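Trainee: This is the structure I want to talk about, given as structure tokens.
Every read-out reported here was derived from the displayed coordinates using simple, explicitly stated rules and does not represent laboratory data. Computed from a predicted model, the values in this text were never measured in an experiment. Here the Cβ is made from the backbone with ideal geometry for all residues, glycine too, and neighbour counts use every protein chain on show.
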Amino acid sequence: MTTIQFSKKLALLIGNNDYEHGQKLNCCINDVLDVGNELDKIGFQVTLGIDLTYTKMIQKILQFQQQIDKNDLVIFFFSGHGAQLEDQNYLVAIDNKCLADNHEMYRYHAIRAQSMLESMTKREPCAIIFILDCCRDYLTDKQTLSNMPLTETVQEQTKKTSLTSMKQLAGSLIAFACGPNEVSLENSKNGRNSMFTYHLLKHIAEPNLRVDEIMCRVCNGIVEDTDGRSCSYWLSSLRTPNVYFTTSPKG
């Protein structure tokens, strides 16, 4: 097994539950606390953001980006509301009332995921693992922000929506909690974490698993728990096939 020696292992995790408008969420803070705890155990320098306003999200992200150096391993994990407007995915802060009043405000009061990934890439880390555990409903002028846990009714509604993948950048893997025309599942068997994070936690600190192997196991777990109704989705442009979160000697 050939492994890469990273300069540092950094992780930024943001979880938003307490939205001022629309569906409040239950698992997002638990998700980032639990994932952060696992990453801390395997040597990551973990930065957490909990129930952040737009300004605080921007500040947290910019501060984190300044820590990234060449050849670092970087994880970004967001659990909360997300939305797609036109051809872009946006991460939503808790002070989101203005987004419902005017969808043009997404461009000025939500985090454009593509821009964030591009800014991190400019710091020249060895690899970026960009994980979005959030809904990505497409918004039209007649829709309101309505991301919510999956029910049969919502599942039928979201079959009519569309979404666009993010542009891949060399050295990155982008993982979504759900595939096209789906919403992510907030509840899992443990009643504490989202479906995606529940399965991610089973494998993220397991030694000698490549990141793509981890994502395969997460996807398989979601498929089994939902009887094939849902699955996670990822795009990889990693420049090396051997990216591990942690390793240990094999006996």
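Trainee: Among 39, 132, rank each residue by its count of other Cβ atoms within 10 Å, from fewest to most, as a rough exposure measure.
Mentor: Values: 39 22, 132 25.
Sorted ascending by nearby Cβ count, the order is 39, 132.
Trainee: Sort 219, 134 by Cβ crowding within 10 Å, fewest neighbours at the top.
Mentor: On the way: 219 19, 134 28.
Result, fewest neighbours first: 219, 134.
Trainee: Shifting gears a bit: With a 10 Å Cβ neighbour count serving as the proxy for reagent exposure, in which order, fewest first, do 94, 131 appear? Can you show the working numbers first?
Mentor: Working: 94 22, 131 26.
Taking fewest neighbouring Cβ atoms as first place, the list is 94, 131.
Trainee: Right, here's the next one. Per residue of the stretch 49-62, what does 6.51 cos²θ - 1.76 cosθ + 1.60 with θ = phi - 60° give for ³J(HN,Hα)? Whole Hz please, x for Gly and Pro, Karplus curve as stated.
Mentor: For the stretch 49-62, the Karplus-derived couplings read x, 10, 6, 9, 6, 4, 4, 5, 5, 4, 4, 5, 5, 5 Hz, x marking Gly and Pro.
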